[in-house]
Amino acid sequence: LLPRHCPRLLRTYCAPILQTLLTRLRTTLHAPTASELLLALGELVRTTPRSVEPQAQELLDILVAALQRPSASSTRARAALSALEALLCSASPSALSPPPYERYPSLLDTLLASVATEQSEGARRSVARVLGVLGALEPRKYRDGVARGAGDRSSPRRRLADASP
């Protein structure tokens, strides 16, 4: 609520708020609390993108870890996805160097799996937006990655490659 109504005030206190959110996210095990922290982080990124940019890699680490956590609740995963979308849309390419697909090779598998398993149309749409913001992979790199993971027939990337002509 605060980010939407007083963005100028929030810009002034962005650094301490961000540090507090990151500290709490690292230590919180309670899923509903972590979900709310991730939603607050997403709002902070949307409201003050330039202030958050120096911490973009650390934020990306936390968000991808929250998405890939096997025991993550659906609300926590949706909150992490929302914050990830906000970060990817607002951060400059230099802040996210190397690109997320290179830094997190399993990110595509995680996103494709969530598209396949999500029941909610809105959540699938959100995953599709994140995939769109991340951009396309170079086909050769993608095929090489699939060839390296040929032993894992259950991965979404492997199933997708098997289905293509």
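Bear in mind these aren't lab numbers, they're just calculated from the coordinates by the rules spelled out. Fair warning: this is a prediction, and the values are worked out from it, not measured in the lab. As a convention, Cβ positions derive from the backbone with ideal geometry for all residues, glycine included, and neighbour counts pool all protein chains shown.
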Exercise for the section: With the condition kept exactly as written, say whether any residue in the stretch 8-17 is small (Gly, Ala, Ser) and surrounded by fewer than 18 Cβ atoms within 10 Å (Cβ to Cβ). Expected result: yes
Practice task
Go through the stretch 27-63 residue by residue and tally those that are farther than 11 Å from residue 79 by Cβ, in contact (Cβ under 8 Å) with a residue 24 or more places away in the chain and part of a helix (DSSP H, G or I).
Solution key: 16
